[in-house]
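Undergrad: This is the structure I have questions about; it appears just below.
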There are 2 protein chains.
Amino acid sequence: MSAVGTLRAGDVMTPLSRLVTQAQIDAYAEASGDHNPIHVDEEFARSVGLPGTIAHGMLDLGILTDAVARWAGGSDRVASIGCRFSKPLLAGDTITCTGTVVEVDEEPGIAVLSLEAVSDRGDRVLTHGRAEIRLDRSRS
Amino acid sequence: MSAVGTLRAGDVMTPLSRLVTQAQIDAYAEASGDHNPIHVDEEFARSVGLPGTIAHGMLDLGILTDAVARWAGGSDRVASIGCRFSKPLLAGDTITCTGTVVEVDEEPGIAVLSLEAVSDRGDRVLTHGRAEIRLDRSRS
């Protein structure tokens, strides 16, 4: 059983760290249809002033959502998600997602998390993150 | 040039409709690592009361983000995105994303959009959608 049943404001989400490789970015480009060269062509990325290729913001947000889903006990627990795309995540960076419960509403059975994600080079990649998780699957 | 330079509250985003096939859901499962059988195994999906396999919520949100990015003139324009996952989108459904500008802040150069996505069977798939778009790339 997940910790969701007994959540309180101030509870900390289990952090999730994940290395994001160029192969994963390529797979995401394929799945999403977004083949912008800043994601898949290192030479192009450098030509526009980036230190290298960058992950799609939605790939970063997907990892943040996965962090919430794993901690909450399944993706069906995630009622909503959102964030600001603040800094790019580079291919080869490790992203670490953290979160804290800021509010628990027993009716309608929702806990609100504040979230962010940082890279191992110290960049705050995703900020102003927010998710609602369902405390009780049967009401979803 | 996109319409972003002259946005006003009440402006309507160009809608985006997209058929979501099982092949796309399979590709997203591969890219995300989320192989939950409700997404990829029709028999299993029916056994838990669904009419068929369903798209990952993050795939739906990715399409909504793409709708915003295309209309705004590029994914680098999308400063933030979020939504509620309200109803599942089934494989073979067409999702239609719509949005309206609700606020334009010249400083710091952000337009706020209200968004939603519906399926061709009439389900409100994504609700409470919200995005911020950057009016001026140079300030991002």
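Undergrad: Ranking A:M58, B:M13 by Cβ neighbours within 10 Å, fewest first, what do you get? Please report the intermediate quantities before stating the final value.
TA: Values: A:M58 25, B:M13 22.
The order, fewest Cβ neighbours first, is B:M13, A:M58.
Undergrad: Counting Lys and Arg as +1 and Asp and Glu as -1, each charge on the Cβ, what is the dipole of chain B about the Cα centre in debye, to the nearest 20?
TA: Result for chain B is approximately 260 debye, rounded to the nearest 20.
Undergrad: Further question: List the residues, sorted by chain then number, that are 5 or more residues from A:T53 or on another chain and whose placed amide H is less than 5 Å from its amide H.
TA: Placed amide hydrogens put A:A91 under 5 Å from A:T53.
Undergrad: What's the angle, to the nearest 10 degrees (0 to 90), between helix A:57-72's Cα axis and the longest principal axis of chain A?
TA: Result, in degrees: 30.
Undergrad: Find out how many positive minus negative residues lie around A:V102, taking Lys and Arg as positive, Asp and Glu as negative, among other residues whose Cβ is under 13 Å from that of A:V102. Each step should come with its number before you reach the end.
TA: On the way: positive: A:R8, A:R130; negative: A:D11, A:E103, A:D105, A:E116, A:E132.
Combined, the nearby Lys, Arg, Asp and Glu give -3.
Undergrad: Next up: If you plug each phi of region A:82-97 into the Karplus form 6.51 cos²θ - 1.76 cosθ + 1.60 with θ = phi - 60°, what whole-Hz ³J(HN,Hα) values come out, in order, with x for Gly and Pro?
TA: x, 6, 9, 8, 9, 9, x, 9, 8, 4, x, 7, 9, 9, 10, 9
Undergrad: Take B:E103, project a point 7 Å from its Cα along the Cβ direction, then tell me which residues of region B:64-84 have their backbone nitrogen under 15 Å from it.
TA: What the label zone holds, given the 15 Å backbone N cut-off, is B:79-82.
Undergrad: Could you run the Karplus curve 6.51 cos²θ - 1.76 cosθ + 1.60 with θ = phi - 60° over region A:18-27 and give me ³J(HN,Hα) per residue in whole Hz, x for Gly and Pro?
TA: 8, 6, 10, 8, 4, 4, 5, 5, 4, 5
Undergrad: Which whole-number value in Å³ per residue fits the convex hull of the alpha carbons of region A:1-75? Before the final figure, lay out each step's value.
TA: On the way: hull volume 8.5 nm³, N = 75.
Value for region A:1-75: 113 Å³ per residue.
Undergrad: Going 7 Å from the Cα of A:E30 along its beta-carbon direction, which residues of region B:41-55 have the amide nitrogen within less than 12 Å of the resulting point?
TA: Under cut-off, by backbone N: nothing.
Undergrad: Here is a follow-up. Taking the dipole about the Cα centre of region A:14-77, with the C-beta of Lys and Arg at +1 and of Asp and Glu at -1, give me whichever of A:G52, A:V20, A:W71 is farthest to the positive side.
TA: Sorting the options by dipole projection puts first A:W71.
Undergrad: Quick one: which residues, 5+ away or cross-chain, put their amide H under 5 Å from the amide H of B:S80? H built at 1.01 Å from N.
TA: Long-range HN contacts for B:S80: A:F85, B:E132.
Undergrad: Mind pulling up the Rg/Rh value for region B:46-140? Radius of gyration and Kirkwood radius, both on Cα.
TA: Result: Rg/Rh = 1.06.
Undergrad: Okay, helix-only estimate at 222 nm for the protein assembly as shown: each DSSP H run of n ≥ 4 adds -39500 (n - 2.57), divide by all residues, round to 500 deg cm²/dmol; what do you get? Provide the component values of the computation, followed by the final result.
TA: Numbers: 8 runs with 74 residues, N = 280.
So the helix-based figure for the protein assembly as shown works out to -7500 deg cm²/dmol.
Undergrad: Something else about it: Could you give me the ³J(HN,Hα) list for region B:113-120, computed from phi with Karplus coefficients 6.51, -1.76, 1.60 and θ = phi - 60°, whole Hz, x at Gly and Pro?
TA: In residue order, the calculated couplings are 10, 9, 9, 7, 9, 10, 9, 6 Hz.
Undergrad: Mind checking Rg over Rh on the protein assembly as shown, alpha carbons, Kirkwood formula for Rh? Don't skip to the end; give the middle numbers.
TA: Values: Rg = 18.2 Å, Rh = 19.2 Å.
Computed over Cα atoms, the ratio is 0.95.
Undergrad: Counting only Cα, what are the radius of gyration and maximum Cα-Cα distance Dmax of region A:95-140, in Å?
TA: Both quantities, over Cα of region A:95-140: 13.2, 41 Å.
A short reminder: the numbers here are calculations on the coordinates, not readings from a lab. Just so it is clear, the structure is predicted and the values come from calculations on it, not from any experiment. Heads up, the Cβs are rebuilt from the backbone with ideal geometry, glycines too, and the neighbour counts pull from every protein chain shown.
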